[in-house]
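Read through the structure below, which is laid out as structure tokens, and then see the notes.
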Amino acid sequence: MLLKREEKIKELIRKRQSHFTVILENVKDPHNIGAVMRTCDAVGIREIFLIYTRSGSESNFVLGKRASSGARKWVDVYEFDSVKTGMEHIREKGYEQIWATKIMTNSKGLYELDFTQKIALLFGNEQHGVSDEALSYTDGNFIIPQVGMVQSLNISVACAVTLYEGFRQRMLKGFYENPTMDAAQQDSIYDRYAQRELLRVKGKNSIKMSNKT
């Protein structure tokens, strides 16, 4: 049983994607956070970034862990309380493109984006959207085509639609058949996953990977 679990974890890691991620800025609803984490795990995203500049938002991430249905163990989460610090860290990690979801006159359509690039996708607060400060660090913005009257999607739904388009493009390019990370990166991730799994078996909570900067 343990051997099968180990092989399943190793196979999961082989399909984890390098430089494909989500940034959440001041997302409040813990159920939205949990749903986003589940989708990230489903499409092979190995790390996400949370930026909280509004007072009280941090506690919602703690609650979001409970709504993530176990995905928290398989996705590394980095937290920042500064837009500047968070965005600079993301760039330093090699993400060459940052695209925001915001309705603007120069917005691109979702299906115009190239998700095979080293890309991060920025989703903003449920009420206020992406802040002007965060937008200043992006390479552009996109919208999800819609033909309904409301022209609005819940953030977790918008994120899922977007990520599965990325999943489709990356699958066609063979990114899930051929590992996008080298052996050292895969080993490092395996060590963290194995440690969390050990804690799960012992009945403890998964280790906290968030970095408050």
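The values are calculated or read from the model by the stated rules, or taken from the named source; none is laboratory data. These numbers come from a predicted model, not from an experiment. Note that we place each Cβ from the backbone using ideal geometry, even for glycine, and neighbour counts take in every protein chain shown. Surface accessibility is based on the protein's heavy atoms, side chains included, excluding ligands, DNA and RNA. Shrake-Rupley method; radii C 1.70, N 1.55, O 1.52, S 1.80 Å.
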I need the full set of residues from region 66-120 which are aliphatic (A, V, I, L, M) and more than 22 Å from residue 152 (Cα to Cα), in order please.
67, 71, 75, 77, 83, 87, 90, 119
Quick check on region 89-119: of everything there that is within 22 Å of residue 131 (Cα to Cα) and of a type in the set (Ser, Thr, Tyr), which residue is most open to solvent (accessible area, probe 1.4 Å)?
105
Every pair of residues 6+ apart whose Cβ atoms lie under 9 Å, when the first sits in region 179-192 and is free of Cβ contacts under 8 Å to residues at least 60 places away in the same chain while the second is part of a helix (DSSP H, G or I) and open to solvent by less than 50 Å² (accessible area, probe 1.4 Å):
187/13
Among the residues of region 8-41, count how many are more than 18 Å from residue 181 (Cβ to Cβ) and part of a helix (DSSP H, G or I).
10
Flag if residue 86 is open to solvent by less than 30 Å² (accessible area, probe 1.4 Å), part of a loop (DSSP other than H, G, I, E, B) and under 30 Å from residue 197 (Cβ atoms)
no
Give the number of residues within region 6-24 that are open to solvent by 80 Å² or more (accessible area, probe 1.4 Å) and either touching a residue at least 12 places away in the same chain (Cβ under 8 Å) or among the acidic types (Asp, Glu) (or both).
2
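Select from region 153-194 the residues that are acidic (Asp, Glu), over 17 Å from the mean Cα position of the chain (by Cα) and either on the phi > 0 side of the Ramachandran plot or in a helix (DSSP H, G or I) (or both) and list them in ascending order.
Within region 153-194, 187, 191 qualify.
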